[in-house]
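The values are calculated or read from the model by the stated rules, or taken from the named source; none is laboratory data. These figures come from a predicted structure and were not determined experimentally. Don't worry about glycine lacking a Cβ; one is built from the backbone with ideal geometry, like all the others, and counts go over all protein chains shown.
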Amino acid sequence: MTYSELILYLKANLDHPSLDFNWTEEDNKKFFAFIHENADKDYLTRSENLIEIRQAFRDYFESVGYILFQIKDYRIRLKVFPYTQDPAESENVNDIIDIIDGHEDLIVDEYNGRDDQILIKDELRKKLFDFVDTISDQKVNKKELVKHAVREAFELKDSDIIMIKTDSIFVKLFDFVDKKKVSDNEKNTIANRYNGIDEDELIAFYKEHFSRVENKNFFNLVAKLFTDRYLLDKNIDNHEYEKNVFMYIQSIITEQLVDTFDHNDEFFKGFSGYVFRRHFHEVFDEIAELILVELAMSNDQMIEFLKYYSLDIVVIGGVKYRVPVLEAESGLRWNVVSMLSIVKLYIKTKTMSQALNNEIDEKEDEMEALSIEGLSPVAYNHKYNEEKKNVAQRLVKLNNKLDKYYDSLKLAKNEHEKDTLQKEIKLIKADMQKIREEREKLLNKVISRNDIHKFNVLGKEIDAMFRLLKREERILKQNGDAFKSIKNALVKALTSKKQQL
């Protein structure tokens, strides 16, 4: 479980951050079910993971206020409070500006060879946040406080973008005077695709920043927000879907870009158009997958939504229209009835495979925990027995040698010979003592029969799960082509509109 997965869950499953947010019992059940399904069974017992969960919640609500948060015994207590200080009015702004002005060596003007870009290096970024972390007499959005101070220090305009990154602070100077003005008759044309912003600007920003974001998670979230918000919650019909789907999705992308980067609606409205065009198929592929998951659960709303694509011809206001169809590249036409059994089996099998993989990972972790010095308990026990046998043999040899020296001592003829033998006897006894200490250490390393049994049982369970996983993967493979055909046909239909006859 990663921090980004936690943030993705919160964005996809909680209401938009607000001061009157109420964490419900249902929220609690869903969150811990998510943890149980996606993290190892000991995840909630480790303090570093609880800290990460707390940080994810803090960051999620950071835009509206600070939180009091407690996680204990599979229950979260959460309350959102408003900030008491406006960043622009904070008495700490000048102190932050002084830190910036005092470290010009940590500021890169004309970053990457562009005169409209500035980079504040990580060392200075840390100094700024180390300072704001010491503020205890006021509740203020620390990220926005730093942004405001940076804006003041560099005398930036509202249109300029400030991005707080994990390893730097990036400033993009953006002058809307240079933005192409779009006339009224161009509003629905390609000229308005990027809100009048030059495409080269958007390409450069994409390469420098967006391509480093976890794109898969970003578009998973966009697809889930669209599906949940419009298809499930608002239950829009096919007519509204065809009319507004692209606008709805681009609006969600804009919303997430602003949340991820900076509050510059003008720029990100244009950038969202570029991102959407570039990842058009990816977005609809994710939406189609989510729709089919709902179909597999026999969701009545999705069944009705999908039936539309089997109507062929519809009459609206006395006008005939040809409806997009669920047609595969082979020409095969799908409908709800023909899709249902395949989709149900495929999704059920895929879910089972994921659960088996997670369980195998957990059991392999348990086996790893039982291993010693990189060896299984069985292999280590064998090594232990060999070492114990070797120690015993060395002791026997030294003991026999000691007996011979004692016999020789009894027969010694002069004091010099006796002295020499006594020194040898002393050395042998010292060696024997060291070996006995080795034996004591070995005795402390003995593996319990219970651990060996547990290790063997885990191994057998994993073998059984692998056999079951292979069976599930065979079923997935057998139905994979049909499911892919259905999903591709659905993507094509979702991106098409009815045509007037």
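A few points about this structure:
- In the stretch 214-240, the residues that are free of Cβ contacts under 8 Å to residues at least 60 places away in the same chain, surrounded by 15 or more Cβ atoms within 10 Å (Cβ to Cβ) and in a helix (DSSP H, G or I): F218, Y230
- Selection count, the stretch 42-55, where residues are surrounded by 14 or more Cβ atoms within 10 Å (Cβ to Cβ) and over 23 Å from E255 (Cα atoms): 7
- Test for L490: is it part of a helix (DSSP H, G or I) and closer than 30 Å to E294 by Cα: yes
- Qualifying residue in the stretch 267-289 (condition: among the small types (G, A, S) and in contact with a Lys or Arg (Cβ under 7 Å, 6 or more places away or on another chain)): yes
- When Y380, Y321, Y384, Y346 are checked against the criterion of being surrounded by 14 or more Cβ atoms within 10 Å (Cβ to Cβ), outside any loop (DSSP other than H, G, I, E, B), in the same structural domain as A296 (by TED's automatic domain parsing) and in contact (Cβ under 8 Å) with a residue 60 or more places away in the chain, a single residue qualifies: Y321.
- Listed by position, the helices (runs of 4 or more DSSP H) inside the stretch 1-120 whose residues that are touching a residue at least 24 places away in the same chain (Cβ under 8 Å) and hydroxyl-bearing (S, T, Y) number at least 3 are 3-13.
- Residue in the stretch 481-491 that is polar (S, T, N, Q) and out of contact with any Asp or Glu (no Cβ under 8 Å at 6 or more places or on another chain) present: no
- Reported count of residues in the stretch 269-288, each being under 22 Å from the mean Cα position of the chain (by Cα), among the charged types (D, E, K, R) and crowded, with 19+ Cβ neighbours inside 10 Å, is 1.
- Any hit, the stretch 352-374, residues being closer than 21 Å to F226 by Cβ and not in a strand (DSSP E or B): no
- Candidates I447, I462, I452 - the one that is over 30 Å from V283 (Cα atoms) and part of a loop (DSSP other than H, G, I, E, B): I447
- All conditions but one from (1) part of a helix (DSSP H, G or I); (2) surrounded by 11 or more Cβ atoms within 10 Å (Cβ to Cβ); (3) within 57 Å of the chain's Cα centre (by Cα); (4) not acidic (D, E) apply to Y405; the one that does not is (3).
- The stretch 254-270 - residue that is out of contact with any Ser or Thr (no Cβ under 8 Å at 6 or more places or on another chain) and in a helix (DSSP H, G or I) and, of those, farthest from Y346 (Cα to Cα): G270
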